[in-house]
Structures are given as C-alpha cells and as structure tokens.
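*Asks:* The structure follows.
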Amino acid sequence: KAVVSTQSTGEGQCVRTCSVPSTGFCRFATSDDQRHCFVSLDEKSKISCIDADRFNVVKTFQPSDYNQRGMCWSVVVRGDYVYLGYESGHIVLFDRRSLSKQVLEVKVHDEIVTTLDVRDNKIISSSPDFTIKITSLTSEKVTAADTSSETKTSEGCDENPLESVVNSLNPARTAQKYSAEISHTIPLKCQGSSHIKIRPDGKLFAASGWDGGLRLYSCKKNKLLGLVEAHNPETITDMITFDNRVVCSGRDCKISFWTFY
C-alpha cells in the first residue's frame, strides 16, 4: 500500500491521509493549482486523478492500446494536459479537461520511459537505452468533426455525452490537433537518467544519471554544459530545479545543492 497525504502550508502538518494500492515505480504528480494529484493505482497502465481535498478519484487516464503499453513509469502535468511515459517506450498525451481523452501517442524510446519533463511544446525524456530524447510538439486548429474519428478515448471510459452533443450541434467548433516528432537525440555514457527537470525559464535542463552524475544541458543547442558527481551511482531519488540551483537527494542519505552560472 502507498499513502497519499496533504499538508497545511502554514505549519506543515499532515491534515489528511488515505491508503491507495501500490503505485509501483511511478512517482505521482500534482496539477499546477495543487488541487489534484495523479497517481498510478490498481491497474498497471492507468493513472488516476485524485481530488486533493476529498481524496476521491475524479478521472482516470489509460492508453487505448493499454495491453501493449505496460506499466506507467513517469507522469507530468502541465496546464490542461497530462503526459505519461510507459514501459513500452511510448509517451501518451491526455487532455484532462475532457473525459480522459487521449490526444497523442508517440514511440520515443526502445525501452522504459524512466523520466520526462515538458516545457514550451518540448518533451525531454530518458530511458535505459543510453539516450536523452527531445520530442517537439506541434498543434493546429481543426474542426471538432475532423478530429472525432481520429481521437481515441481511454478503454473503459465512456465518451463525454455533453461533448458529443456540442460537437453535433456545432460541427465547425475548433479543436487542437497535435503531432510529435523526435527532433534530437543526446547520447549518454551512462545507461539512463532517473530524473529530468527543465528550468522554469526553459533555457536549461538538468538530468540525474544512474551513474550518480548530475548533467546540465542547454535547451537551445541541446549541448552538455557541465557534469558533477553529485551522489553515489544509482542513488539519486529526487531532484528539483529553480533559478540557477539544483537540489538532489539520494539513497546515500545526502541532499546536495548545486548552483550553476
């Protein structure tokens, strides 16, 4: 079992806790407004959206071809979209405003998508295949009628009836159609990365390798800018970035702070 809890921002006290089935290897994510958390629950390919106040499941997200995707290993929420990385090497994009609507699926890696981050229509991900992949997202406005036959919904979830009525009454209603293309591949000397974080300004990103190394890259040129031995191999468990700083924690019982110029 895993435990999901919320804390008050004043004194940091735990105000509510609930037990959920095992979350596997997938870390949970929160929405930008902190009102919802996204957790891998009972089914290996499914992500559930939990209301942070009531602790009830309000939506579920599952790929159309979930039998072929395996376990979900990474989840990122940016605005109205949920990005999921799977054991099969696929990244799946959902629009959380609709009823679990899948809007994009792309094969990025040959192995598990261990980590990913998203900023400015760019997905940066890694895998045990010795690579970091940069995937560019593009979108175009089309009518809802054009996308109704192409957009897939999650298995086991009914189509939103209100949305169907709106589409039938107004077939010219515009929607976003997404496509993705791998724009760059960065080779790694280590087998993979446990975490990737893009700095909020979108200029730099950091990757923590399974060799314990912390690598800093330029988002514009996808060039390695620096490498430090942050922790012992295979120990980095979490990483956050802000301004010019990176904070890492590891199984070696250490927290390291790094400042980049």
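The values are calculated or read from the model by the stated rules, or taken from the named source; none is laboratory data. Since the model is a prediction, treat every value here as computed from it, not as a measurement. Heads up, the Cβs are rebuilt from the backbone with ideal geometry, glycines too, and the neighbour counts pull from every protein chain shown. Keep in mind that these areas ignore ligands, DNA and RNA; they rest on the heavy atoms of the full protein, side chains included. Shrake-Rupley method; radii C 1.70, N 1.55, O 1.52, S 1.80 Å.
*Asks:* Suppose the filter is under 16 Å from the mean Cα position of the chain (by Cα), farther than 25 Å from TYR217 by Cα and modelled with pLDDT of 90 or more; does PHE25 pass it?
*Replies:* For PHE25, the condition - under 16 Å from the mean Cα position of the chain (by Cα), farther than 25 Å from TYR217 by Cα and modelled with pLDDT of 90 or more - is not met.
*Asks:* While we're here: Taking the stated definitions as given, is VAL113 β-branched (Val, Ile, Thr) and assigned to a strand (DSSP E or B)?
*Replies:* No.
*Asks:* In addition: Could you check region 105-122 and list, in sequence order, the residues that are open to solvent by 70 Å² or more (accessible area, probe 1.4 Å), over 18 Å from GLY202 (Cβ atoms) and at pLDDT below 95?
*Replies:* Answer for region 105-122, where residues must be open to solvent by 70 Å² or more (accessible area, probe 1.4 Å), over 18 Å from GLY202 (Cβ atoms) and at pLDDT below 95: ASP110, GLU111.
*Asks:* Can you say whether SER74 is buried (at least 19 other Cβ atoms within 10 Å of the Cβ), in a loop (DSSP other than H, G, I, E, B) and of a type in the set (Gly, Ala, Ser), as far as the supplied structure shows?
*Replies:* Working: buried (at least 19 other Cβ atoms within 10 Å of the Cβ): yes; in a loop (DSSP other than H, G, I, E, B): no; of a type in the set (Gly, Ala, Ser): yes.
No: the conditions fail for SER74.
*Asks:* Any idea which of (1) among the aliphatic types (A, V, I, L, M); (2) in contact with a Cys (Cβ under 9 Å, 6 or more places away or on another chain); (3) more than 19 Å from VAL118 (Cα to Cα) is the one VAL39 doesn't satisfy?
*Replies:* It fails just one condition, (3).
*Asks:* Quick one: ASN67 ticks every box in (1) crowded, with 16+ Cβ neighbours inside 10 Å; (2) under 28 Å from GLY192 (Cα atoms) bar one, so which box is it?
*Replies:* (1)
*Asks:* Go over the candidates PRO171, PRO187 one by one and state the one that is more than 19 Å from the chain's Cα centre (by Cα), surrounded by fewer than 20 Cβ atoms within 10 Å (Cβ to Cβ) and modelled with pLDDT of 90 or more.
*Replies:* Just a single option satisfies the conditions, and that option is PRO187.
*Asks:* Same structure, new question: Can you tell me which residue in region 228-255 is most open to solvent (accessible area, probe 1.4 Å), limited to those that are at pLDDT below 70 and β-branched (Val, Ile, Thr)?
*Replies:* By that ranking, first place goes to ILE240.
*Asks:* Working carefully through the options VAL39, VAL58, find the one that is in a strand (DSSP E or B), touching a Phe, Trp or Tyr at 6+ places or on another chain (Cβ under 8 Å), more than 23 Å from THR185 (Cα to Cα) and in contact (Cβ under 8 Å) with a residue 12 or more places away in the chain.
*Replies:* VAL39
*Asks:* Something else now. Mind listing just one residue for me: the one in region 78-104 that is assigned to a loop (DSSP other than H, G, I, E, B) and under 22 Å from HIS195 (Cβ atoms) and, of those, least open to solvent (accessible area, probe 1.4 Å)?
*Replies:* Once the filter is applied, the top-ranked residue is GLY89.
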